[in-house]
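Participant: Pasting a structure here, questions to come.
The values are calculated or read from the model by the stated rules, or taken from the named source; none is laboratory data. All values reported here derive from a predicted model rather than from experimental measurement. Cβ coordinates were reconstructed from backbone atoms using ideal geometry, including for glycine residues, and neighbour counts include every protein chain displayed. We work out accessible area using only protein heavy atoms, side chains counted, and drop any ligands, DNA or RNA first. Shrake-Rupley method; radii C 1.70, N 1.55, O 1.52, S 1.80 Å.
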Amino acid sequence: KNIRVKDIIEKVERIYRRLLKKETIDFSIKTIGSPLMAKTTDAVLLQLLLNLVDNSVYWLQQLSIPNKKIEIVLDGKKGQMIFADNGPGIGKDDAPYIFEPFYSGKGEEGRGLGLYIARQLLERNEYSIDLIDSKKDKILSGANFLISFITEEKQ
C-alpha cells in the first residue's frame, strides 16, 4: 500500500524520544514539496528507519560533541529521502563493505546486519539505499544515506 514515509519516521522518533533526549541528539525532519510516499509495508519502512536511527545514535554516543544531530530530508517530487547525522561518518576503507552481511566498522558492537537488512528489504521493493560520499551532496558531516523510492523501470 502507499505509505506516507513521514508517518513512519514520526513513529520511530517516538520510539527513540527518551534516548534522543538523554543523549541530547537533535532529531529533525524536513520536507521538500509534496509528501514522500512509498508503496511497501509499514514493516519495511520501520525496519529501515530503526536500523538507521540505531546506527546513528550508537555512533553519536561515541562522541563528546555539542549539537549532535540526525536530520532527515524527504523529497516527494524526487521520491527520495536523505538520512544523515553529524557523527564520525564512514571511513573510505569501510564504505565499500557497509552493506555486506556481518560487516561492522572499527570496533563496532553488534552483528553488522542493520544496513545489509535495510538494503535487502528495499531491493525487494525495487528501491535502493546508498551511501552519499561526496561532500557537496552531504547535508551533515557524518554518515549520509540516500534512499530512493523510485522503482527502476525493467529494461
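Participant: In this structure, is S56 open to solvent by less than 30 Å² (accessible area, probe 1.4 Å), touching a strand residue (DSSP E or B) at 6+ places or on another chain (Cβ under 7 Å) and at negative phi?
Facilitator: Yes.
Participant: Could you check the range 116-137 and list, in sequence order, the residues that are of a type outside the set (F, W, Y) and part of a helix (DSSP H, G or I)?
Facilitator: From the range 116-137, those of a type outside the set (F, W, Y) are 117-126, 128-137; that's our starting set.
Hits for the range 116-137 are I117, A118, R119, Q120, L121, L122, E123, R124, K135, K136, D137.
Participant: Under the condition of being at pLDDT 95 or above and closer than 21 Å to A38 by Cα, which residue from the range 124-138 is most open to solvent (accessible area, probe 1.4 Å)?
Facilitator: D130
Participant: Could you list, in sequence order, all residues of the range 98-114 that are at pLDDT 90 or above and open to solvent by less than 20 Å² (accessible area, probe 1.4 Å)?
Facilitator: Selection gives I98 alone.
Participant: Another question, then. Looking at the range 2-45, which of the residues that are out of contact with any strand residue (DSSP E or B) (no Cβ under 7 Å at 6 or more places or on another chain) and within 19 Å of T151 (Cα to Cα) is surrounded by the most Cβ atoms within 10 Å (Cβ to Cβ)?
Facilitator: Among those residues, the one meeting the criterion is V44.
Participant: List pairs: first residue in the range 41-53 and farther than 11 Å from R119 by Cβ, second residue of a type in the set (K, R) and in a helix (DSSP H, G or I) anywhere in the structure, Cβ distance under 8 angstrom, at least six positions apart or on different chains.
Facilitator: That search, which allows pairs on different chains as well, returns V44/R124; L46/K11.
Participant: Pairs please, first residue from the range 1-24 and more than 12 Å from L74 (Cβ to Cβ), second anywhere and part of a loop (DSSP other than H, G, I, E, B) and open to solvent by less than 30 Å² (accessible area, probe 1.4 Å), Cβ atoms under 9 Å, 6+ apart in sequence or on different chains.
Facilitator: What qualifies is K1/T40; N2/T40; I3/T40.
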